[in-house]
Amino acid sequence: MRWRIWNTVPISGAVINPGFEKGWLTFESDDGALRRLAPIPDGWEDLSDDRLLGLLGVSKEVPRHTGPMRRVVHPSPEPDSTDQR
């Protein structure tokens, strides 16, 4: 199963569950499962896949309040119509 991982840092003044005040890692699977881990481990972006799977294993499942996140893929620029290649 594929997972996407990103860090989430709450805005100042947000009402956050205890332990999550300084942010968390969000794990989201292709089928929409959502997990969180707090606090954000230092250097998490550079961890090996095995270490990230370990973090996923200790993360907590959370209910979805929205649909799965879809990353926007920007289309490649259109070739210039005056290009005479």
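Every number in this text was worked out from the coordinates using simple rules, so none of it is lab data. Worth saying up front: this structure is predicted, and the values here are computed from it rather than measured. Because the Cβ atoms are built from the backbone with ideal geometry, glycine has one as well, and the counts that use them run over all protein chains shown.
So here's what we get for this one:
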{"read-out": "Simple spin-label estimate for S29 and H65 in nanometres, 7 Å along Cα-Cβ", "value": "2.2 nm"}
{"read-out": "Simple label model, 7 Å out from Cα along Cβ direction - N17 to W3, nm", "value": "1.6 nm"}
{"read-out": "Globularity ratio of the range 1-45, using Cα Rg and 2.2 N^0.38 Å", "value": "1.22"}
{"read-out": "Cβ-based net charge around E61, under 14 Å, with every Lys or Arg adding one and every Asp or Glu removing one", "value": "+2"}
